[in-house]
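Working notes for the structure below.
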Amino acid sequence: MRSDLRSSLRLCAVVLVVLAAGCAGGTAVRALPAAPDPARGTLQPGDIVKLDVWREEDFSGGFRVDSRGIVVLPRLGAYDVRTEDAASLRERLVRDFGRYLVNPSVQVTVLRPVRVLGAVHRPALYDLEPTSTLGDAIALAGGALPEGRGDRVLLVRAGVATLLDVGPGSPAGALPLRSGDELVVPLKSWVSRNAAALVTSVAAIIGVGITAVAAAN
């Protein structure tokens, strides 16, 4: 029976080691990807130009920038916006709409569609402002669920997946985002999510072993 007790204790030790490893989460974390471009407000392919022309619904709406950096706007046609931000584009549009409207009132908002998935409270596609960061997107999705890894985010950009450390003090939280980015908050390991049940099971095994030894003696 003493050998049974020793076996139970060894099992306990093994389970606790696995539990600690699972809680630590030994996942490889890669380097940060390069920022989208030097000027974070500059329009990028995939961005949405939200155009509001006062009292002109036919000219207003959301218009996507294509892969060449071109956006096609009502009446005005194609615009190359690769070097534009919202303010400079608005100046051009006020001038160009002036050919058709008297004192046009134009508002331009640039939005970047980013999908947040995984173990977050509100997984969805979000249209973010160009200054929004990875941390902003996760916060907008309600943050990680209790069973989610609040210190890890998988960034999928242009088909390339990068696992990032977003724990306290990490620079990844300030990472600028691109249109089309996907952020996935992974689940904690099975061991981490079931730690209480595992500890209870181990305690029960040890208890059975001790009881058996005591009864034999």
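The values are calculated or read from the model by the stated rules, or taken from the named source; none is laboratory data. Since the model is a prediction, treat every value here as computed from it, not as a measurement. Because the Cβ atoms are built from the backbone with ideal geometry, glycine has one as well, and the counts that use them run over all protein chains shown.
Number of residues in region 154-175 that are in contact with a helix residue (DSSP H, G or I) (Cβ under 8 Å, 6 or more places away or on another chain) and not in a loop (DSSP other than H, G, I, E, B): the value is 6. Restricting the search to region 86-131, which residues are surrounded by 15 or more Cβ atoms within 10 Å (Cβ to Cβ), β-branched (Val, Ile, Thr) and without any contact (Cβ under 8 Å) to a residue 24 or more places away in the chain? Within region 86-131, just Val94 meets the criteria.
Among the residues of region 46-65, which ones are closer than 22 Å to Tyr126 by Cα and either among the aromatic types (Phe, Trp, Tyr) or surrounded by fewer than 13 Cβ atoms within 10 Å (Cβ to Cβ) (or both)?
Scanning region 46-65 gives Gly62, Phe63.
Checking the stated criteria, Thr83 turns out to be surrounded by fewer than 16 Cβ atoms within 10 Å (Cβ to Cβ), out of contact with any strand residue (DSSP E or B) (no Cβ under 8 Å at 6 or more places or on another chain), closer than 26 Å to Arg178 by Cβ and touching a residue at least 12 places away in the same chain (Cβ under 8 Å).
Return the residues of region 165-188 that are at pLDDT 95 or above and among the hydrophobic types (A, V, I, L, M, F, W, C); say none if nothing qualifies. Scanning region 165-188 gives Leu183, Val184, Val185.
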